[in-house]
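A short worksheet on the structure shown next.
The values are calculated or read from the model by the stated rules, or taken from the named source; none is laboratory data. Model, not experiment: these values are computed from the prediction. Cβ coordinates were reconstructed from backbone atoms using ideal geometry, including for glycine residues, and neighbour counts include every protein chain displayed. Heavy atoms of the whole protein, side chains included, go into the accessibility calculation; ligands, DNA and RNA do not. Shrake-Rupley method; radii C 1.70, N 1.55, O 1.52, S 1.80 Å.
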Amino acid sequence: MKQRVIYILGLIFIILNSCNKDKVPEQTICSSEDVVSYSEDIEPLIQQQCLGCHDLGGGSGGYVFNGHDNVSSNASDMLDAMNANGLQLMPQNGPLNDSLINLFELWICQGKLNN
Ligand code: HEC
């Protein structure tokens, strides 16, 4: 009888522990059926909305967003600017559509792939 109680307690311990391991909140935010494409989604977005002022040679505020390297290394500042989160709102003439901001955030979340 005592053995059985210990066995059951052990089982409960294992179950609780394995549940804890599954709790990765970031995964829920990032999870999406679709993987965001840098070349098809992100690059055109930056080209249309940002490069007018942040192109090679004339990077406003010292920011240049040409190519995956530049975009991925500045991604968190770019997202903060899109949300006016401690930085100046970008683009300057008004916030982007929420769906575009969410797309950019999802791309960051999925690991800033160069795909
Ligand atoms: C119409 C021109 C223009 C466009 C379009 C534009 N920017 Fe800017 N951006 C600027 C200027 C000018 C500055 C520098 C402002 C300053 O230093 O006073 C700047 C600064 C920034 C900064 C630094 C902000 C800070 O508070 O330090 C970031 C980040 C940025 N831009 C990101 C973006 C992103 C991302 C986009 C596209 C979604 C974008 N910008 C589109 C003109 C623009």
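Just the number please: accessible area per residue for region 25-109, 1.4 Å probe, all protein chains included, in Å².
Details: 5140 Å² over 85 residues.
The answer is 60 Å² per residue.
Under 13 Å from the Cβ of Asn115, count the other residues' Cβ atoms, weight Lys and Arg +1, Asp and Glu -1, and hand me the total. Don't skip to the answer; put the middle values down first.
Working: positive: Lys112; negative: Asp34, Glu40, Asp41, Glu43.
Result for the local shell: -3.
All other residues with a Cβ under 12 Å from the Cβ of Asp34 taken together, and with Lys, Arg as +1 and Asp, Glu as -1, what is their net charge? Could you put the intermediate results ahead of the total?
Details: positive: none; negative: Glu33, Glu40, Asp41.
Neighbour charge sum, excluding Asp34 itself: -3.
In region 34-115, what percent of the accessible surface is made up of carbon and sulfur (1.4 Å probe, ligands and nucleic acids excluded)? The partial results should precede the final answer.
Details: 2120 of 4680 Å².
Of the solvent-accessible surface of region 34-115, carbon and sulfur hold 45 percent.
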